[in-house]
Amino acid sequence: MSAPLTQRGEPCGPMLQTLWDYVSEHQGVLLSPYLPTFCAFLTHVTCCVPFLVLDLLAGVSRRVRAWRITAGEPPLFAWFKCLWKIAVQYLTVVLPATALLQMARSPAQFPERSPSSWQLFVDVVACFLLFDALFFFWHRCMHRVTWLYRNIHQQHHQHQEPFALQAQDASSPELLSLLLLAQLSACLVNCHPLSEALFHILNTWLAVEDHCGYDLPWALHRLLPFLGGAPHHHIHHRLHNVNFAPYFTHWDHLFGTYSGE
């Protein structure tokens with residue numbers, strides 16, 4: 001008996017199809033207009049937990065302190081203050097906005113087949129490349145246009161010492177714009193819902209890692225040389241006029257805004 005095919009005529013991976021069958025059984029819950037906000041907030045906080053542990057260990061471990069990009073470390077109250085601000089923004093701004101967006105774009109039903117492993121990979125990479133480009137130009141505009149910087153982006157640059165939770169510590173308009181850019185990237189790629197979910201999870205992790213304040217030996221930018229990682233983004237937070245791309249470095253190289261120091 002031949003393997004089931006995806007919507008594009010490719011063979012489905014058995015593990016992916018089993019996962020997708022389980023997900024499809026709960027599509028009534030998954031199509032809730034409130035679920036994306038809850039999942040986005042929970043994913044962000046969960047991704048930050050390992051770096052909170054590192055910040056706590058930095059006070060007693062010389063090795064952990066050696067991984068920090070700067071000598072200082074954020075006080076614990078900065079974490080809780082930041083968490084409260086983000087929670088309020090998600091509840092009052094992100095939740096109604098994403099609920100309206102979800103109701104506007106929800107399909108009648110999920111596709112029957114999962115993506116193939118190759119389709120999943122291509123979808124996620126395409127989403128990241130598109131999001132990286134959109135973010136680069138929007139981020140550069142927010143720094144070059146004084147009104148945009150003062151009224152939208154300046155809040156994100158308020159912290160002297162970087163820490164993971166800071167990745168989403170931004171003004172409400174900026175936070176909404178970044179969430180919409182991620183949604184737009186997935187829509188333009190027209191990827192499978194499973195690919196889109198994986199993209200959003202990995203996107204959150206990379207954003208958190210960018211702001212974590214640690215140059216870890218196992219960080220993704222050490223494994224993939226075309227990624228900038230936390231050191232690349234830390235230079236942006238220090239100098240403000242370089243390294244505008246969130247993840248990859250090619251746009252900064254092309255526009256002469258790359259700094260490696």
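What follows is calculated from the coordinates using simple rules that are stated; it is not laboratory data. Quick caveat, the model's predicted, so the values are computed rather than measured. With ideal geometry, Cβ positions are generated from the backbone for all residues, glycine too; neighbour counts draw on all protein chains shown.
For Phe121 and Ala87, what is the calculated FRET efficiency with R₀ set at 41 Å and r taken between the beta-carbons, to the nearest 0.05? For R0 = 41 Å, the calculated efficiency reads 0.75. Think of the stretch 118-261 as having a plus end and a minus end, set by charges on the Cβ of Lys, Arg, Asp and Glu; of His232, Leu178, Tyr258, Tyr258 sits farthest toward the positive end of this dipole.
Axis angle, to the nearest 10 degrees, between helix 14-24 and the longest C-alpha principal axis of the chain: 90 degrees. Computed over the stretch 161-261, the P(r) curve from all C-alpha pair distances, binned at 5 Å from the origin, holds 2, 12, 19, 23, 22, 14, 5, 1 percent per bin. Farthest towards the positive end of the charge dipole of the stretch 83-163, among the residues Asn151, Leu83, Pro96, is the Cα of Asn151, using unit charges on the Cβ of Lys, Arg, Asp and Glu.
Above 26 Å, the calculated P(r) of the chain contains 45 percent of its Cα-Cα pairs. Label positions at His253 and Leu224, each projected 7 Å from the Cα along the C-beta direction, are separated by 1.5 nm. The residues Leu178, Leu56, when put in order of fewest to most other Cβ atoms within 10 Å, stand as Leu56, Leu178.
Under a model in which nothing but the beta-carbon of Lys, Arg (+1) and Asp, Glu (-1) is charged, the stretch 62-191 shows a dipole of about 400 debye around its Cα centre. The string of couplings for the stretch 185-198 from the Karplus curve (6.51, -1.76, 1.60, θ = phi - 60°) is 4, 5, 5, 5, 6, 6, 8, 5, x, 5, 5, 5, 4, 5 Hz, one whole number per residue in order, with x for Gly and Pro.
Taking all Cα-Cα distances within the stretch 56-158, those exceeding 18 Å account for 76%.
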